[in-house]
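Structure, as structure tokens:
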Amino acid sequence: MVKINMSIPFMVIFVCAWYFKMLIPMLIWCVMFLMLRNYIGGYHAKTHFRCILYSSVYGVIAMYGIIWLAVVHLTVKLIVCGGLLLINIFTGPVIHDENLKGYKRNYCKIGVGVLAGGVVCAVFLNLGNTKLGNAVFMGIISAEFLYGIDLLINGKKIKLYNEMN
């Protein structure tokens with residue numbers, strides 16, 4: 001079932017991206033989004049249908065976000081990503097099994113590394129091709145948005161990373 005939950009949204013997203021001539025930016029968005037989401041966690045829909053629907057809509061909205069980010073100054077993007085990095089450092093990844101503290105610690109380090117690397121990549125891409133740089137920024141923002149929703153829904157409070165160990 002996981003393959004269906006992943007393949008249908010990917011088809012919808014990439015058909016829309018192909019139609020709007022944004023195939024490469026959406027591919028970059030997908031890579032950044034999935035890499036970061038894999039390490040920080042985030043919101044998961046309760047049913048397969050909702051997962052497919054939400055993922056499809058979310059990807060199409062992200063495509064418009066890539067375009068919209070063109071009007072946002074690079075400094076603002078960096079400040080937002082810096083704030084997100086701090087939140088990730090202080091909260092750690094969203095993992096729903098408390099027996100995985102070692103896993104949580106390793107994933108927090110990797111997630112912070114992926115986020116920091118993504119920001120560096122976005123800055124360099126932004127210098128040459130704003131749309132590609134924005135795709136990386138949108139991938140970061142998209143993954144972090146789902147992370148924040150999960151933190152809010154599950155009532156988790158921001159606490160220092162050392163307290164989780």
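Relative protection proxy for 139-152, 110-123, from highest mean packing down: 139-152, 110-123 (other beta-carbon atoms within 10 angstrom). Were the residues from N154 through H48 laid out at 0.36 nm apart, the gain over their Cα-Cα distance would be 36.2 nm.
FYI, it's all coordinate maths here, none of it is from the lab. None of these values were measured; they are calculated from a predicted model. So basically every Cβ, Gly included, is an ideal-geometry build from the backbone, and we count neighbours across all protein chains shown.
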